[in-house]
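The values are calculated or read from the model by the stated rules, or taken from the named source; none is laboratory data. In this text the structure is predicted, and so the values were computed from the model without any measurement. Cβ coordinates were reconstructed from backbone atoms using ideal geometry, including for glycine residues, and neighbour counts include every protein chain displayed.
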Amino acid sequence: MKFYVVRHPLTESNAIDITQGWGDSPLTHQGIEEAEKLSGFLKDKEISIIYSSDLGRCVQTSEIINQKLNLKIIKSPGLREQNFGKFNNTSIIKEEFDASDHSKVPPDGESFLKMKQRVLTYIKTKLPRNKDKVLIVTHDGCFRAILSDALNLDLDSPECATTALTIGLFDLKNKDIKFIDKFNLS
């Protein structure tokens with residue numbers, strides 16, 4: 001089964017350097033335009049279902065993309081960004097927490113590696129094998145986690161970087177994720 005991955009575009013909190021984590025914020029006007037651009041690329045890809053993080057910014061992105069696809073959207077906490085605990089929806093995380101250590105756990109949160117495991121387990125066990133192509137709408141950290149697994153690279157590798165207009169295409173066979181291609185619409 002093949003699946004596409006996109007991350008939500010620019011939110012109001014992103015625009016003012018707020019770390020959202022499990023907090024939330026709506027898309028900006030630019031973010032809405034970016035989601036519409038993603039939709040234009042994805043409309044002819046024969047996608048059969050959308051899986052989205054249940055956080056509002058991903059749901060909003062999914063709904064914008066779905067205006068051209070008209071598919072069922074399944075919302076799941078399994079596709080959420082890293083839980084930054086007490087740092088969700090704050091700007092102080094960069095001063096108070098070393099996020100470069102992917103095994104560190106913020107107070108009341110989860111490590112990046114734990115989030116990576118959660119997202120990969122969700123993809124490998126919850127996506128339907130009877131569908132040809134699905135779309136996953138998630139977050140930057142989750143998208144990087146998928147790329148690092150599929151490419152067998154460190155999370156901080158430049159090949160794992162994404163933008164709001166990056167689309168990844170992967171193949172899931174058994175429980176192995178294989179990288180097929182990465183498109184950048186910017």
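For the range 42-55, a tally of residues being surrounded by 20 or more Cβ atoms within 10 Å (Cβ to Cβ), touching an Asp or Glu at 6+ places or on another chain (Cβ under 7 Å) and more than 21 Å from Asp108 (Cβ to Cβ) returns 0. For the range 14-37, filtering for residues that are surrounded by fewer than 20 Cβ atoms within 10 Å (Cβ to Cβ), hydroxyl-bearing (Ser, Thr, Tyr) and under 19 Å from Lys94 (Cα atoms) leaves 0. Is one or more of the residues making up the range 169-183 touching a residue at least 60 places away in the same chain (Cβ under 8 Å) and in contact with a Ser or Thr (Cβ under 8 Å, 6 or more places away or on another chain)? Checking the range 169-183: at least one residue is touching a residue at least 60 places away in the same chain (Cβ under 8 Å) and in contact with a Ser or Thr (Cβ under 8 Å, 6 or more places away or on another chain).
Residues that are at pLDDT 95 or above and charged (D, E, K, R) were ranked within the range 69-106; the one that is farthest from Val137 (Cα to Cα) is Lys72.
Return yes or no: is Asp44 out of contact with any Leu (no Cβ under 7 Å at 6 or more places or on another chain) and not in a helix (DSSP H, G or I)? So Asp44 passes the test. Scan the range 146-159 and tell me whether some residue there is under 19 Å from Val59 (Cα atoms), in contact with a strand residue (DSSP E or B) (Cβ under 7 Å, 6 or more places away or on another chain) and in contact (Cβ under 8 Å) with a residue 12 or more places away in the chain. No, there is no match, as no residue in the range 146-159 is under 19 Å from Val59 (Cα atoms), in contact with a strand residue (DSSP E or B) (Cβ under 7 Å, 6 or more places away or on another chain) and in contact (Cβ under 8 Å) with a residue 12 or more places away in the chain. Listed conditions (1) at pLDDT 95 or above; (2) surrounded by fewer than 23 Cβ atoms within 10 Å (Cβ to Cβ); (3) closer than 24 Å to Ala99 by Cα are all met by Cys58, apart from (2). On the stretch given as the range 61-98, residues that are in a loop (DSSP other than H, G, I, E, B) and surrounded by fewer than 17 Cβ atoms within 10 Å (Cβ to Cβ) total 7.
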